[in-house]
Amino acid sequence: MLKMDDAKAWDIEARVKAILAKLKIGNLDQKVGTLSGGQKKRLALAKLIIEEPEFIILDEPTNHLDIDMIEWLEEYLQGPNVTLFMVTHDRYFLERVCNEIFELDMGNLHVYRGNYSQYLEKKEARLANESVVYDKTKKLFKRELEWVRRMPQARTTKSKSRIDSFHDIKESLRNKRNTDEMQIMIEPTRLGSKIVELHNVSKAFGEKKILEPFSYKFKKGERLGVVGVNGAGKSTFIKMITGLEPADTGKIIIGETVNFGYYGQDGLQVPESKMVIDVIRDIAEYIPLAKGLKLTAESLLEKFMFPRSQQRVQVGQLSGGEKRRLYLLTVLVKNPNFLILDEPTNDLDIITLNVLEDYLDDYPGCLIIISHDRYFLDKLVDHIFILEGEGQLKDYNGTYSEYRVEKNTELEEQRARASAQPSVSNVQSSASKMTFEQQKQIKAIERQIEKLEEKKLGIMAKFENENLNPDDITKLSKELEGLNEEIEMKELQWMELVDGANG
């Protein structure tokens, strides 16, 4: 005998639509070939989730997702029936989703039980132990080196074995990590008192509004994060600030001392055949540092983990992460005092991110960051612009996590109001403030809601029939879905009328 809970046929369509909606895939009739790269990746992720596999492999799943999508994906992947193996640089994602971390480091695979915080603690302990071992190995190497130098010409089996051991020790020392390998030593130029001013700036692309008239004056040391759903216009907004995208109306004033450094999503724009060293030499042969010091292009590249042997390599031979690291260097080497980073965490490894964060933490200039990496935002910015769509920009003073707490509280309150049953007594208590027409409209909507609720109860009762076939279940499910949407719409209309009458 077929039961609704066994068949689960009634909720498949609703589940598919919900997953697609969460990943912002709205036009189901659009051809796949016309989708952007990010949309195709979200579609592939949606397909994977809909299939409900027992074992999921993900490679940088948070790239091309906005923060709302990432938080939804976190909740899904925390489910009890999901085994997950993934590569990611998103540290909040690691913190909340993973219970075991593999680290590939200098040809060795290290396994850590626990989330990202526990990984950091255990890695620190491992590195401390490695340091002790290294010191002991270095002492042993010195002793063996002295023996090799005094060694007699006659090569016995025992001496050959000791020589082999000596070379093993020497190789282990050569493979010792250099903890100071990547360093950012670049000093920004002086920034005057007048920085950037926006006066009634607006922007639209045809019917799509990006920014309604908006005014703002940047202050020294400004540390601003820009967030919003994909397609809201975050990149367009910061391009307007730099002059890369013209505003439709208003005026943008840029101070004389402002030196922008813009790190965009387009990446490094140089010929693939160009050598790495020439990319930097085209900017400067010698790079000025703090206190009048200078570095050659070769030395600076070494500080950015490009050894001399790799500096003669063509750009096209670099990995995606290496290209992004080289691109970051081309931005910083110009000594900007107003740094704008558009999704800087994409394709950068965690070690590079940590070094970049340390540099930006002490950065004295102005900083704007667009990022879906909540860890990165929370660590570096204390002021948020939220692009909410339809040209609306919300200015929030605080970290991103603080904003999300407030936002979630607001959403819970809205849901509570929306789910509350319409109360005639509440309407009557404010009847003196309403016109006759308003009272008439409210009572009409209340009667409509009552009828819809009665109809809903009737459908729910039909689901108790164990003899329902799959076609009946599908038909009733669609009716129920339509009723729920209609009830929700009527309740919102009721709330708007009551709020309008009381306002």
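Residue-wise test of (1) part of a loop (DSSP other than H, G, I, E, B); (2) more than 28 Å from E187 (Cα to Cα).
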position: L341; (1), (2): no, no
position: L348; (1), (2): yes, no
position: T352; (1), (2): no, no
position: Y359; (1), (2): no, no
position: P364; (1), (2): yes, no
position: D378; (1), (2): no, no
position: L393; (1), (2): no, yes
position: R404; (1), (2): no, yes
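Scanning the stretch 345-370 for residues that are within 14 Å of the chain's Cα centre (by Cα) and either surrounded by fewer than 21 Cβ atoms within 10 Å (Cβ to Cβ) or modelled with pLDDT under 90 (or both) yields T345, N346, D347, L348, D349, I350, L353. For the stretch 397-440, filtered to residues that are β-branched (V, I, T) and at pLDDT 65 or above, the residue that is farthest from K219 (Cα to Cα) is T435. Taking residues in the stretch 293-322 that are assigned by TED's automatic domain parsing to the domain that holds T345, and partners anywhere that are among the small types (G, A, S), the pairs with Cβ atoms closer than 8 Å and at least 6 places apart or on different chains are A297/A284; Q314/S273; V315/S273; G316/S273.
Which residues, counting only those in the stretch 191-222, are at pLDDT below 95 and at positive phi? Listed by number, the residues that qualify are G206, G221.
The single condition among (1) under 19 Å from D282 (Cα atoms); (2) in contact with an Asp or Glu (Cβ under 7 Å, 6 or more places away or on another chain); (3) part of a loop (DSSP other than H, G, I, E, B); (4) not aromatic (F, W, Y) that P336 does not meet is (2). Is it the case that E13 is at pLDDT 85 or above and out of contact with any Phe, Trp or Tyr (no Cβ under 6 Å at 6 or more places or on another chain)? It is false that E13 is at pLDDT 85 or above and out of contact with any Phe, Trp or Tyr (no Cβ under 6 Å at 6 or more places or on another chain).
Return the total of residues in the stretch 446-501 being small (G, A, S) and at pLDDT 75 or above.
Total satisfying the criteria: 1.
Just a yes or no: is a residue in the stretch 47-55 under 28 Å from S235 (Cα atoms), of a type in the set (A, V, I, L, M, F, W, C) and surrounded by fewer than 18 Cβ atoms within 10 Å (Cβ to Cβ)? No, there is no match, as no residue in the stretch 47-55 is under 28 Å from S235 (Cα atoms), of a type in the set (A, V, I, L, M, F, W, C) and surrounded by fewer than 18 Cβ atoms within 10 Å (Cβ to Cβ). Consider the stretch 245-275 and keep the residues that are among the hydrophobic types (A, V, I, L, M, F, W, C) and under 24 Å from the mean Cα position of the chain (by Cα). The one that is farthest from A204 (Cα to Cα) is L268. Of the residues in the stretch 309-324, not one is crowded, with 21+ Cβ neighbours inside 10 Å and in contact with a helix residue (DSSP H, G or I) (Cβ under 7 Å, 6 or more places away or on another chain).
The values are calculated or read from the model by the stated rules, or taken from the named source; none is laboratory data. Just so you know, these numbers come straight off a predicted model, no measurement behind them. Every residue, glycine as well, gets a Cβ built from its backbone with ideal geometry; the counts of neighbours run over all protein chains shown.
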